[in-house]
Every structure is written in C-alpha cells, then in structure tokens.
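Novice: Just dropping this structure here.
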Amino acid sequence: MKMSTARVLSTGPTGVWWRLPALPLLGIAGELVAIAALIPMFLLVAAWNGFPFLFFDSGAYVLEGFAHFFVPERSPVYSLFILYSDGRASMWNVALVQAAMTAIVVVEFARALWPRTSLWLMLRTGAALAILTSISWFVGQIEPDCMTAILVLALYPLAFRLHQLGAWRALLMVVIAAIAIGAHPSHLGTSAGLVLCLAAARIAALVWPKLRLPRPHLVLPGLCVVLGLGLVLAANYSLTKQIFVSRSGSMFLAARLMGDGVVKKTLDDLCPTHKLALCPYKDNLPKTADNFLWGPESPFNKIGRFYGNRADYELIVAHSLSHYPIQSLSWGLWGSLRQYFMLRTGDGVEPQEWVLGPLFRGFMPAQYKDYLGAHQQRGFLRFAAVNVVHVPLALLAQIWLVTVLWRAIARRRWTLATLPAFVLVALIGNALVCGLFSGPHDRYQSRLAWVPCLIVLLTGRQTVERALRRPIESGT
C-alpha cells in the first residue's frame, strides 16, 4: 500500500514504528531515517575490528594534515579532510564523516532514480552491501579510496536526474562530489573522463536528433570537477604557498614504465648526454614499480625519493613515451586490463604498527591503545572467505549491467542504457587511470566494485526497465 509521509507520521507512536519500513524516500523523513540507519551499517566491519582500518599510506596523510607538512605523494585535500574531521581526537570521527557522505549519496542516488523506493528496501540494500560487498572495508578505512564510489554515484543523478534531485539536494551532491574528486589524484582523471563522455553524449544527441538520445546535464558535473581541482590547488597552496596540481605524478608514471622495462632503454639513450640521478643505477633497476617506490634498497631512496629532481623524471617520461610509445602504451593497457579484474577486498589491510606507531605516539597518543588492540593490528584478519563472496558477486553484478546495456541498445531504449553505460564507463575509466599511471592493485578496483551491486539490489531483474524508461529532461 502506498502511503504519503504525512499519513505515516500522523498515526501515533505505535503506528509510526509499525509503518516506518513503508516510508518512501520521496519524503524528507524517509531520507533522514535511511541516512541515519545506513551510517552504522557502513561502519559495521570497522566496529567489529575495534578501530577504523588503516593503510600504510594513512600515516602520510596524518603527518601532512596534523603537522601541516607537505608530503608530495599524498593528496593534501584528504590530509586536511582528516584534520577538519577531528581525527586527532578520534579516527572514528573521520570514519563517521565518510560513512555519512556515503549514506547521503546512496540515498539521494536511489531517491533521484526510484523515488518510490521504500525505507525497508533501502535498509535491506544497505545491510546486503555491508555484508556482501567491499563497501564497509573502505568506508571504515582512513584512506581516500572510499571517495571513488561517492563521486560516481553523485555525478550520475547530477547529469541525468537533476530535476528529481531538486536545488538543495543537487548543491549537497556537488559539494560531496567536489571533496571526493579532490581527495585523490586518480579521481581527477576519472571524473574528468566521465564528464568528457557526458559531453560526447550531449553532442551526439544534438547531431542525431531523430534518435532521441538522452541529453545529460553538463554544468553541475563539470562544476564538480572544477571545484575538485580548485580544492587540490588550494590545499597545495596552503602547505607550500605555491599553486600546482601534483609534484609526484611523473615519478609514479616513471616507476610504472620502469616495471615495464621502458626506463632502462630510455636511460641507455639519455645517460651519455644527460647527467640524470638514475644513471648510475640504470643497470640495476628494480623489476617492479612497487619495488622502486617502496623497496628499502631502491635507488629511489638514494636520490631524494619524492623530493628528488622532478625534471629528471619528467624527461624520462617524455623520452619513454615519445621514443617507445607502443611498448609504453601496450604494457599500460595490459596493466589496465588486469586492473579491471583485480578487485579482491583487503589489499594492504594488515598489521603496520612498525610504520604508524610513531605517528600515533606523536599525534594521537590517546588512541594508540585502541589502535593496537584492533583485530587488524593483532593479525586476526583473513580475507580468503570474504573474497569467496565479494569477488563473484561483484563480477556477476557487472555482467548483469552489461546484459541490461546490451538489451537497451538492441531495442534502442537509450534512457535505459544511461545508468549501466555510465557505471561501466566509470569502472573502465578507473582501471585505465590506475593501470596507466600507477600499476594495478586490488584496492583500486575493489573500492568501486560495490556500485554495480548497489544497482542490482535497488532495482532487481523485474523493475530496472520500468524504473529507467521514463524520459529524461533536456539539460541546458
């Protein structure tokens, strides 16, 4: 039975609680209750752990944010996010803000696409995501990886369901998306790629009007990218008094090319005429990008790490791409293909007190005991059983999206095609950005793998076509 929000709230205390699950997200009460209920669900695994999950990189973000000390390889936006979320008092504050951002975006995404979604369906979906997907492992982790899915879920309704969002909800989504985009360098590339695809879809709709293709809105998605970039520039300036996007991008790319064997050829070409810091080590380079960047015996440590001469790395990258483009691109694309299917949960979630202990003792001594007592630090986490569930479900959800997209294109139901196409492009774009510029790691794709599962849970096999067949308003 369909009930209005006013009807539900006018039935007295007993009636409210009895009928609460039927409350639609279309009303503000349903939205607020859903968001409040999803937040603890998304923190369920971290609560079981006894402390928010930490990665090896978490210490660099803490150092950069709390000490106001620029760390070239880490996003200052996320470092300041930890600071302003009051992570010094408790890392749970950071995890709570991340959970709130995720819950808001999930609820508003569902409301914009399927306004009659009931609170009960939303709660079932949240519980299933927390148990069966990677969402809780990232929302409860002090890393910017949880922001990847947030930006994707925020951009789609801004592009295709703007009128259903309304003004203040759209503004909220823009703010959250901008923070998510600025939180990690790869998010700039992924979000910019998505906006370019939206622009291409808009142009196609104008060029072939008889096809009646959807015309996505471009202004607010583009604004999200601009604001995200602005946050990066502002955060970098606040720490260095200089304006720039990144000082480590060329180093990460050079490391990736080194693992592909391209840098050795480049150094053989350049060293006779250029005095590069890597030249003395060109015949004994590490075999992988990770060994070069993080290995204890790497020459990278001897030539200044991320504070070394950026001009050297920029020259190495430029020469590698111009003189060995096929090898550089082919290995990068191969890495991207591998990245797409590397989505196991738990990558790097292991004891790392030997790295983070000094930072806790220096900046957060009151939290150190709880940190040491967590299951993660005691070595109790095992992910084999987790991934027996997470990985097949993530892949099946993607196959389901491909099936919906294929049928929509075959029937020329372009409106139906927009959601699966957008999510699949986001998955491919994320794999391309990470595979080409850094190298494949499970956590890069796992952080986004729960989004297709969310769509499957919200729509179901019988309702997806009916839910998405409504015509889309033309953008401006």
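Novice: Apply the Karplus parameterisation 6.51 cos²θ - 1.76 cosθ + 1.60, with θ equal to phi minus 60°, to every residue of segment 33-46 and state each ³J(HN,Hα) to the nearest whole Hz, in sequence, with x for glycine and proline.
Specialist: With the stated coefficients, segment 33-46 comes to 5, 4, 4, 4, 7, 6, 4, x, 4, 6, 9, 4, 5, 5 Hz.
Novice: Same structure again: Between GLU350 and ALA311, what is 0.36 nm times their sequence separation minus the Cα-Cα distance? Round to one decimal in nm.
Specialist: On the way: separation 39, 0.36 × 39 = 14.04 nm, distance 3.54 nm.
Separation in residues times 0.36 nm, less the Cα-Cα distance, equals 10.5 nm.
Novice: Under 16 Å between alpha carbons, and skipping anything fewer than 8 positions from LYS264 in its own chain: which lysines qualify?
Specialist: LYS275, LYS282, LYS287
Novice: Further question: Taking the Cβ-Cβ separation of ALA384 and ILE303 as r and a Förster radius of 51 Å, what is the calculated FRET efficiency to the nearest 0.05?
Specialist: Working: r = 39 Å, r/R0 = 0.77.
Computed FRET efficiency for ALA384 and ILE303: 0.85.
Novice: Which whole-percent values make up P(r) of the chain when all C-alpha to C-alpha distances are grouped in 10 Å steps starting at zero?
Specialist: 4, 19, 28, 26, 15, 6, 1, 0, 0
Novice: Where the convex hull is taken over the Cα atoms of segment 298-457, what is its projected area averaged over directions, in nm²?
Specialist: Seen from a random direction, the Cα hull of segment 298-457 projects 14.4 nm² on average.
Novice: How much length would be gained if the chain were fully extended between ILE243 and VAL425, taking 0.36 nm per residue of separation minus their Cα-Cα distance, in nm to one decimal?
Specialist: Difference between extended and current length: 62.4 nm.
Novice: Compute the angle between helix 91-113 and the longest alpha-carbon principal axis of the chain, please, reported from 0 to 90 degrees and rounded to the nearest 10.
Specialist: 50 degrees
Novice: Taking the number of other C-beta atoms within 10 Å as the exposure measure, put ILE455, ILE135 in order starting with the fewest.
Specialist: Numbers: ILE455 23, ILE135 31.
Ranking ILE455, ILE135 by Cβ neighbours within 10 Å, fewest first, gives ILE455, ILE135.
Novice: Using a/c under 1.5 as the rounded threshold, could you call segment 249-323 rounded, prolate or oblate? The axes a ≥ b ≥ c are square roots of the C-alpha gyration tensor eigenvalues, and prolate needs a/b larger than b/c, oblate otherwise. Intermediate values should be presented prior to the final figure.
Specialist: Working: a/c = 1.36, a/b = 1.28, b/c = 1.06.
It is rounded, given that a/c, with a ≥ b ≥ c, falls under 1.5.
Novice: Let me ask you something else. Compute the relative contact order of the chain as a whole-number percentage, counting only Cα pairs closer than 8 Å that sit 6 or more residues apart in sequence.
Specialist: On the way: 718 pairs, mean separation 93.5, N = 476.
It comes to 20 percent, rounded to a whole number.
Read the figures in this text as sums done on the coordinates, not as results from a lab. Note that this is a predicted model, so its numbers are computed, not measured. Please note: Cβ atoms are built from the backbone with ideal geometry, for glycine as well, and neighbour counts cover all protein chains shown.
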